[in-house]
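See below for the structure under consideration.
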Amino acid sequence: MNQAFKAPRRPGHDYAYNTPLADLDPSNPLLWPKEEMWSIFERLRDEDPLHFCEEAWMSSERPDDMEPIGAYWSVTRYADIMAIDTDHHRFSSEPAIVLPDPAEDFPLPMFIAMDPPKHDVQRQTIAPIVSSPSLSKMSVIIRERTQAVLDSVPINQEFDWVDTVSIELTTMMLATLFDFPFEDRRRLTRWSDVATAGPETGIVESEEQRRAELMECFEYFMGLWHQRIGGDGQDLITMLANGENTKNMEPTEYLGNLVLLIVGGNDTTRNSMSASIYGSHLFPEQWAKVKANRDLIPNTVAEIIRWQTPLAYMRRTALEDVEMHGKTIKKGDKVAMWYASGNRDERKFENPNALDFERKNARNHMAFGFGIHRCFGNRLAELQLQILWDEMLKRFSRVEVINEPTRNISSFVKGYTKMNVIVRD
Ligand code: HEM
């Protein structure tokens, strides 16, 4: 294991333990690129497992034109998160699964942020795309593309793994799911980044720019929708345009569901691909273990997803008063279920900050959530990652990360923006 991981204190330790509990706000995105949230979560799990934050800022200094986010609860232990995620009768996914409420003048309804019955019928409409026959057909394409991308990377020379491999592979996958014009596929990458861009992230200059780019996305997809009415393709747009429960969707709902599928299918798998490399660099003995025994690949992928947790939290809104740890979550209160913390909960995972490709309960991770909103694309994501691992291990003796990667400035999408590496054959 590398020296960095022998340090007894995690980044942000002093801040987390010297700050009054009431002032701790893990939703502040500036904590995340420096990994300072881990110490906060450690303290909250031990001392205040149901934690109230009076005023979430979501940025170091909230810009004047930003709506206040207000108060929210943080749930940080594995068992508590599981209890809330599987209780959709008392914890609603409406009006949003992120802490800020939707802007009244720019709503983006999507089925991840809906309760039954509407959620269920929309999810069912597109379910065939992740059925076993569809996945086995896709596995052939995924393998061919993965082989081509890995064969094209330079050996013994520095390059950015995020852009060259992670973004390229997940964007190609997304283009296939939508049957999207292949030459324009990088527009999907941009729209995915823009959709989740918050203030201070450097992705867009202003909220106006963000909305303008999302409208471009909408217009592009509207063209595809019209072309596919009456079609018999197996792609997501044809399914939505012809599905009994989706063909008369409001335009905003079409855009909302597109954003859901673009972000859901892109950022998450992308960041798990990058985490595969970063994790192997930090824990080289684990890479050696799976290289010697490729039967470990499925568990390796589960463990990487646990360790990375590409979506750090989902929000719920209480539909009634709920008692927990001697406190009352009031009807209407916002609750953040911090999957990133649940996946590092010592009560569930032994030595949780370490990667262990033989971890017995790696598959119990909560990075895909639980309950009726459990990730729609989990099997597809695992398939992509398993193929990537298989093809990497066949080709490379090791992958070295050259310097500390740069990370997303976000407490929602937990990932990497740049990771310079050298691969050795
Ligand atoms: C490692 C990769 C992935 C991770 C970690 C991930 C994580 C998640 C999480 C945490 C949720 C919410 C669960 C809950 O509220 O209980 C979710 C829902 C969802 N994911 Fe994923 N996801 C991944 C890959 C994908 C892919 C590849 C797709 C697209 C094919 C996808 C599409 C969706 C959709 C549509 C939902 C909404 C499901 C619903 O509301 O019923 N995800 N995902």
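Output the residue which, of all residues in region 101-116 that are modelled with pLDDT of 95 or more and outside any helix (DSSP H, G or I), is nearest to the ligand (Cβ to nearest atom). My answer is 114.
Checking each residue in region 157-175 for being crowded, with 16+ Cβ neighbours inside 10 Å and over 24 Å from residue 409 (Cα atoms) picks out 172, 173, 175. Being within 15 Å of the ligand (Cβ to nearest atom), more than 23 Å from residue 101 (Cα to Cα), of a type outside the set (D, E, K, R) and part of a helix (DSSP H, G or I): is that true of residue 290 here? So residue 290 fails the test.
For region 120-133, the set of residues classified as in a helix (DSSP H, G or I) and farther than 17 Å from residue 386 by Cα consists of 120, 121, 122, 123, 124, 125, 126, 127, 128, 129, 133, listed by residue number.
A quick yes/no check of all residues on (1) buried (at least 23 other Cβ atoms within 10 Å of the Cβ); (2) farther than 21 Å from residue 364 by Cα:
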{"position": "274", "(1), (2)": "yes, yes"}
{"position": "279", "(1), (2)": "no, no"}
{"position": "285", "(1), (2)": "no, yes"}
{"position": "290", "(1), (2)": "no, no"}
{"position": "293", "(1), (2)": "no, yes"}
{"position": "300", "(1), (2)": "yes, no"}
{"position": "316", "(1), (2)": "yes, yes"}
{"position": "320", "(1), (2)": "no, yes"}
{"position": "323", "(1), (2)": "no, yes"}
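Yes or no: region 383-400 includes at least one residue that is small (Gly, Ala, Ser), away from the ligand (no atom under 14 Å from the Cβ) and within 20 Å of residue 280 (Cβ to Cβ).
yes
So how many residues does region 308-320 have that are within 11 Å of the ligand (Cβ to nearest atom) and either touching a Cys at 6+ places or on another chain (Cβ under 6 Å) or assigned to a loop (DSSP other than H, G, I, E, B) (or both)?
Going residue by residue through region 308-320, those that are within 11 Å of the ligand (Cβ to nearest atom) are 308-316.
Subset that is either touching a Cys at 6+ places or on another chain (Cβ under 6 Å) or assigned to a loop (DSSP other than H, G, I, E, B) (or both): 309-310, 312.
Going through region 308-320 one residue at a time, the tally reaches 3.
Checked against (1) modelled with pLDDT under 95; (2) near the ligand (Cβ under 9 Å from one of its atoms); (3) β-branched (Val, Ile, Thr); (4) within 30 Å of residue 349 (Cβ to Cβ), residue 98 meets all criteria but (2).
Of the residues that sit in region 234-265 and are more than 16 Å from the ligand (Cβ to nearest atom) and surrounded by fewer than 20 Cβ atoms within 10 Å (Cβ to Cβ), which one is farthest from residue 196 (Cα to Cα)? Lay out the reasoning, then the answer.
To start, the set of residues in region 234-265 that are more than 16 Å from the ligand (Cβ to nearest atom) comprises 241-242, 244, 247-248, 250-252.
Still in the running and surrounded by fewer than 20 Cβ atoms within 10 Å (Cβ to Cβ): 242, 244, 247-248, 250-252.
Details: 242: 28, 244: 29, 247: 26, 248: 26, 250: 22, 251: 20, 252: 17 Å.
Per the criteria, the residue is 244.
Within region 380-425, being touching a Lys or Arg at 6+ places or on another chain (Cβ under 6 Å) and assigned to a helix (DSSP H, G or I) holds for 387, 393. When residues in region 354-379 are screened for being assigned to a helix (DSSP H, G or I) and more than 17 Å from residue 308 (Cβ to Cβ), 4 of them pass.
Taking the options 181, 154, name whichever one is modelled with pLDDT under 95, more than 20 Å from the chain's Cα centre (by Cα) and surrounded by fewer than 19 Cβ atoms within 10 Å (Cβ to Cβ). Write out each step before concluding.
Details: 154 fails: modelled with pLDDT under 95.
After ruling out the rest, the residue left standing is 181.
Annotation: of all residues in region 354-400 being surrounded by fewer than 20 Cβ atoms within 10 Å (Cβ to Cβ) and aliphatic (A, V, I, L, M), the one that is nearest to residue 291 (Cα to Cα) is 393.
So that you can scan it fast, the table gives a plain yes or no per residue for (1) of a type in the set (Asp, Glu); (2) modelled with pLDDT of 85 or more; (3) under 26 Å from residue 82 (Cα atoms):
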| site | (1), (2), (3) |
| --- | --- |
| 1 | no, no, no |
| 15 | no, yes, no |
| 21 | no, yes, yes |
| 27 | no, yes, yes |
| 37 | no, yes, yes |
| 40 | no, yes, yes |
| 45 | no, yes, yes |
| 54 | yes, yes, yes |
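Determine if region 221-234 includes at least one residue that is assigned to a helix (DSSP H, G or I) and in contact with a Leu (Cβ under 8 Å, 6 or more places away or on another chain). Among the residues of region 221-234, at least one is assigned to a helix (DSSP H, G or I) and in contact with a Leu (Cβ under 8 Å, 6 or more places away or on another chain), which makes the answer yes. Quick check on residue 82: is it buried (at least 22 other Cβ atoms within 10 Å of the Cβ), among the aliphatic types (A, V, I, L, M) and farther than 11 Å from residue 315 by Cα? Answer is no for this residue.
As for region 329-341, it holds at least one residue that is within 12 Å of the ligand (Cβ to nearest atom), touching a His at 6+ places or on another chain (Cβ under 9 Å) and closer than 21 Å to residue 40 by Cβ.
Set side by side, the residues 262, 203, 305 differ, and just one is aliphatic (A, V, I, L, M), part of a loop (DSSP other than H, G, I, E, B) and under 28 Å from residue 142 (Cβ atoms), which is 203.
For the structure I just gave you, tell me whether residue 268 is under 25 Å from residue 96 (Cα atoms), in contact with a strand residue (DSSP E or B) (Cβ under 8 Å, 6 or more places away or on another chain) and within 14 Å of the ligand (Cβ to nearest atom). Outline the logic, then answer.
On the way: under 25 Å from residue 96 (Cα atoms): yes; in contact with a strand residue (DSSP E or B) (Cβ under 8 Å, 6 or more places away or on another chain): yes; within 14 Å of the ligand (Cβ to nearest atom): yes.
In short, yes.
Can you name every residue in region 346-369 that is touching a helix residue (DSSP H, G or I) at 6+ places or on another chain (Cβ under 8 Å), of a type outside the set (Gly, Ala, Ser) and either without any contact (Cβ under 8 Å) to a residue 40 or more places away in the chain or away from the ligand (no atom under 16 Å from the Cβ) (or both)? Within region 346-369, 346, 347, 348, 349, 353, 356, 357, 358, 359 meet the criteria. With the structure loaded, tell me whether residue 191 is farther than 24 Å from residue 311 by Cα and in a helix (DSSP H, G or I) or whether it fails that test. Considered against the rule, which asks whether it is farther than 24 Å from residue 311 by Cα and in a helix (DSSP H, G or I), residue 191 comes out as no.
The values are calculated or read from the model by the stated rules, or taken from the named source; none is laboratory data. Given the structure is predicted, the values throughout are model-derived calculations rather than measurements. We place every Cβ from the backbone using ideal geometry, glycine too, and count neighbours over all the protein chains shown.
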